[in-house]
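Trainee: A single structure is presented below for examination.
The values are calculated or read from the model by the stated rules, or taken from the named source; none is laboratory data. All values reported here derive from a predicted model rather than from experimental measurement. We place every Cβ from the backbone using ideal geometry, glycine too, and count neighbours over all the protein chains shown.
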């Protein structure tokens, strides 16, 4: 797990692996290949994406859910927990239940190592 590319950034690149982040990355790669933007601009856009997603999730998402399933795999590396849960049921606050065969949960500290 890497931090965002600027040396003073405090945001994780975690959401770049989401469907929206992947689409953004693919689009930026195409623009660079077509010489329509410079790679430095693409990196700034990705850093802004990292910040925007983290800020919006922290400020706007207020829903809660509970889940129950079978823990298949877990690991802890570089202050990041990763859990693979199989046969999982999510119980949503406002709606019923949602089932999934397999879910990967990645959990990071809100404060990076060395931050006050």
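Trainee: Looking at region 34-60, which of its residues are farther than 18 Å from residue 109 by Cβ and either part of a loop (DSSP other than H, G, I, E, B) or touching a strand residue (DSSP E or B) at 6+ places or on another chain (Cβ under 9 Å) (or both)?
Mentor: Listed by number, the residues that qualify are 34, 35, 36, 37, 38.
Trainee: Which residues, taken from region 61-79, are in a loop (DSSP other than H, G, I, E, B) and touching a residue at least 24 places away in the same chain (Cβ under 8 Å)? Even if it seems obvious, please write down each step before you answer.
Mentor: Looking only at region 61-79, we keep the residues that are in a loop (DSSP other than H, G, I, E, B), and these are 61-64, 78-79.
Once the filter is applied, which keeps residues that are in a loop (DSSP other than H, G, I, E, B) and touching a residue at least 24 places away in the same chain (Cβ under 8 Å), region 61-79 yields 63, 64, 78, 79.
Trainee: Taking the residues in region 89-104 that are under 20 Å from the mean Cα position of the chain (by Cα) and farther than 17 Å from residue 61 by Cα as candidates, determine which candidate is surrounded by the fewest Cβ atoms within 10 Å (Cβ to Cβ).
Mentor: Filtering region 89-104 for residues that are under 20 Å from the mean Cα position of the chain (by Cα) and farther than 17 Å from residue 61 by Cα, the one surrounded by the fewest Cβ atoms within 10 Å (Cβ to Cβ) comes out as 104.
Trainee: If we scan region 9-26, do we find a residue that is over 12 Å from the mean Cα position of the chain (by Cα), in a loop (DSSP other than H, G, I, E, B) and on the phi < 0 side of the Ramachandran plot?
Mentor: Let us first name the residues in region 9-26 that are over 12 Å from the mean Cα position of the chain (by Cα), namely 9-10, 23-26.
Next, from what is left, pick out any that are in a loop (DSSP other than H, G, I, E, B): 9-10.
Filter once more, keeping what is on the phi < 0 side of the Ramachandran plot: 9-10.
Within region 9-26 (the criterion being over 12 Å from the mean Cα position of the chain (by Cα), in a loop (DSSP other than H, G, I, E, B) and on the phi < 0 side of the Ramachandran plot), the answer is yes, since at least one residue qualifies.
Trainee: May I ask you to list pairs of residues, at least six apart or on different chains, whose Cβ atoms are under 9 Å apart, with the first in region 1-27 being modelled with pLDDT under 50 and the second being surrounded by fewer than 17 Cβ atoms within 10 Å (Cβ to Cβ) and part of a loop (DSSP other than H, G, I, E, B)?
Mentor: Cβ pairs passing all conditions: 1/78; 1/79; 3/9; 3/10; 3/112; 4/10.
Trainee: Okay, next question. Would you say residue 82 is assigned to a helix (DSSP H, G or I), without any contact (Cβ under 8 Å) to a residue 40 or more places away in the chain and surrounded by 14 or more Cβ atoms within 10 Å (Cβ to Cβ)?
Mentor: Judged against the criteria, residue 82 is not a match.
Trainee: Would you please name the residue that is modelled with the highest pLDDT, looking only at residues in region 94-116 that are assigned to a loop (DSSP other than H, G, I, E, B) and within 22 Å of residue 55 (Cα to Cα)?
Mentor: Our first condition is that a residue be assigned to a loop (DSSP other than H, G, I, E, B); within region 94-116, this holds for 94-96, 109-116.
In the following step, the residues that additionally are within 22 Å of residue 55 (Cα to Cα) were identified as 109-116.
On the way: 109: 79, 110: 70, 111: 67, 112: 56, 113: 55, 114: 59, 115: 61, 116: 55.
Among those that are assigned to a loop (DSSP other than H, G, I, E, B) and within 22 Å of residue 55 (Cα to Cα), it is 109.
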